[in-house]
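S.K.: Here it is, the structure, as structure tokens.
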Amino acid sequence: MSSNIHADDLTAVVRYALETTRATIVCPFHDQVIIRVGDDAAESHAFERAKRIIKSDGGFWASDVLREEFGRQLGAATDGRCPQCDRRDPGT
């Protein structure tokens, strides 16, 4: 795991797992937009990766807690494309 990820921060752990498995990506032009790629295998891999991240107390994240956070983050992500990049000039 990257040294700048805090293993005791559930949000950071899930974000790390999703990004490093390419289940989600950050829009290269709008860094506040997270895009859900839609790859079930990558999402499953991300979940398995997050389950194996060891917290500072030597324990692991509970599966139900991880599922909830994965659902929250994937639900908040935009599907497939950045909506800000897709905006078109209404005058055209």
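The values are calculated or read from the model by the stated rules, or taken from the named source; none is laboratory data. Remember, it's a predicted structure, so these values are computed and weren't measured experimentally. Every residue, glycine as well, gets a Cβ built from its backbone with ideal geometry; the counts of neighbours run over all protein chains shown. With ligands, DNA and RNA removed, areas are computed over all heavy atoms of the protein, side chains included. Shrake-Rupley method; radii C 1.70, N 1.55, O 1.52, S 1.80 Å.
S.K.: Tell me which residues, restricted to the range 1-44, are part of a strand (DSSP E or B) and either farther than 29 Å from Asp57 by Cβ or basic (Lys, Arg) (or both).
M.R.: Those that are part of a strand (DSSP E or B) and either farther than 29 Å from Asp57 by Cβ or basic (Lys, Arg) (or both): Ile25, Val26, Ile35, Arg36.
S.K.: If the requirement is being among the polar types (S, T, N, Q) and in contact with a Lys or Arg (Cβ under 6 Å, 6 or more places away or on another chain), which of these qualifies: Thr78, Thr24?
M.R.: From the options Thr78, Thr24, the qualifying one is Thr24.
S.K.: While we're looking at this one, here's another question. Do we find that Asp64 is modelled with pLDDT under 95 and open to solvent by 60 Å² or more (accessible area, probe 1.4 Å) in this structure?
M.R.: Here the answer is no, as Asp64 does not meet what is asked.
S.K.: Would a scan of the range 35-58 turn up a residue that is of a type outside the set (Lys, Arg), within 21 Å of Cys85 (Cβ to Cβ) and free of Cβ contacts under 8 Å to residues at least 12 places away in the same chain?
M.R.: No: the range 35-58 contains no residue that is of a type outside the set (Lys, Arg), within 21 Å of Cys85 (Cβ to Cβ) and free of Cβ contacts under 8 Å to residues at least 12 places away in the same chain.
S.K.: Return yes or no: is Phe47 surrounded by fewer than 16 Cβ atoms within 10 Å (Cβ to Cβ) and farther than 14 Å from Asp79 by Cβ?
M.R.: Judged against the criteria, Phe47 is not a match.
S.K.: Based on this model, can you work out whether Thr20 counts as out of contact with any Cys (no Cβ under 7 Å at 6 or more places or on another chain), open to solvent by 30 Å² or more (accessible area, probe 1.4 Å), in contact (Cβ under 8 Å) with a residue 12 or more places away in the chain and hydroxyl-bearing (Ser, Thr, Tyr)?
M.R.: Answer is yes for this residue.
S.K.: Shifting gears a bit: Please specify each residue of the range 68-77 satisfying the condition of being surrounded by 14 or more Cβ atoms within 10 Å (Cβ to Cβ), free of Cβ contacts under 8 Å to residues at least 60 places away in the same chain and either part of a helix (DSSP H, G or I) or in contact with a Pro (Cβ under 7 Å, 6 or more places away or on another chain) (or both).
M.R.: Listed by number, the residues that qualify are Glu69, Phe70, Leu74.
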